[in-house]
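Values quoted throughout were computed directly from the atomic coordinates according to the rules given, and no laboratory measurement underlies them. What you are looking at is a predicted structure, and each value in this text was computed from that prediction instead of being measured. Cβ coordinates were reconstructed from backbone atoms using ideal geometry, including for glycine residues, and neighbour counts include every protein chain displayed.
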Amino acid sequence: MNKKLISRNLLITILSSASLGSLEIYTRHPPAAIASESTTPLSNLVFNRPEVPPGVDYPGRTSDSGSRGECVALNPHLTALAPKHEVYSEQNEDQLEARHVWGHTLSAHPTIWFNLTEVGPNMTFEVRLEDESGAQVHSFTDVDLPDSPGLFSFTLPDEDLALTEGDRYYWKAIARINCNDAETKTLKVDGWIVRTAPSTNLSTQLSNTTPAERITLLAENGIWFDTLNELIEHQPEQSAFNAAWESLMEPFDFNIEPIFPQTAQ
């Protein structure tokens, strides 16, 4: 994990727009740091990863760089910041038997974060959502991409649908590069998201907390997508953020530098 986390002057934060399949881009200035961050548990944040339920399969992949082919001018790497669980053979520890990509959310309209190492004018981005049976729930085509490499997010728009508590959904994100008239390079990442209902106790705790305490509670209860999104959105003091970011990224081998959100103008 690259521990040299450099704050940048400009962040491109992607938020869902009112139009189908498109996103609005906002520039933001750094908000005031959360008070007394040095005394919060964010510096020692631990994500309590849930075990994959017996008999349940969550196949997916969190990264793809495709094949170079004729796209010599642009060779990006796409990563989805989603938990991955790799299962190896008991007889051969080097033999991968299964790879699960899945995580929980409490939100009816969750946010999934991605990272692109390169972007170009001839790239397109699409997000698909299916229910557990494989029926397509929605397809968001021609999603706007940022003008520069780095982190960006997709939030399920309020006006389209809401995830149902207790249900699991399969998502797929596809980046396409039109290399020339004869070739299109495709990058695909996919996984599963489960909307879970919080316990009465957790609901009470979440409604009476500071942002830092809320992030810690979400992490302790294994709510990945909300933990990550709220950490990025609320932006604690930099050293606490860096420690929390690394503690989330390292278990899943994500070597990705964060970009700090900034206040909308």
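Give the shape of the range 130-256 as rounded, prolate or oblate, defined through the alpha-carbon gyration tensor: a ≥ b ≥ c are the square roots of its eigenvalues, a/c under 1.5 means rounded, and otherwise the shape is prolate if a/b is larger than b/c and oblate if not. It is oblate, given that a/c is not under 1.5 and a/b is not larger than b/c.
Mean separation of Cα pairs under 8 Å and 6 or more residues apart, divided by the residue count, gives the range 171-265 a relative contact order of 15 percent. Electrostatic bookkeeping for residue 230 treats Lys and Arg as +1 and Asp and Glu as -1; over the other residues with beta carbon under 12 Å from its beta carbon, the sum is -2. If you find the alpha carbon centre of the range 154-229 and of the range 70-143, how far apart are they in angstrom? So the separation of the two Cα centres works out to 11 Å. The Cα atoms of the range 169-244 give a gyration tensor whose axes a ≥ b ≥ c have a/c of 1.5 or more with a/b no greater than b/c, which makes the shape oblate. With the simple model of a label 7 Å out from the Cα in the direction of the Cβ, residue 48 to residue 136 spans 3.9 nm.
Charging the Cβ of each Asp and Glu at -1 and of each Lys and Arg at +1, and nothing else, the dipole of the range 96-203 about its Cα centre rounds to 340 debye. What does the C-alpha gyration tensor say about the overall shape of the range 136-196? Classify as rounded when a/c is under 1.5, otherwise prolate if a/b is larger than b/c, or oblate. Judged from the Cα gyration tensor, the range 136-196 comes out prolate (a/c at least 1.5, a/b above b/c). Extension gain, residue 164 to residue 200, is 11.2 nm, computed as 0.36 nm per intervening residue step minus the present C-alpha separation. Here each label is just a point 7 Å from Cα along the line to Cβ, and for residue 108 and residue 95 those points are 4.7 nm apart. Taking the Cα centre of the range 134-265 as origin and assigning +1 to Lys and Arg Cβ atoms and -1 to Asp and Glu Cβ atoms, the resulting dipole is close to 300 debye.
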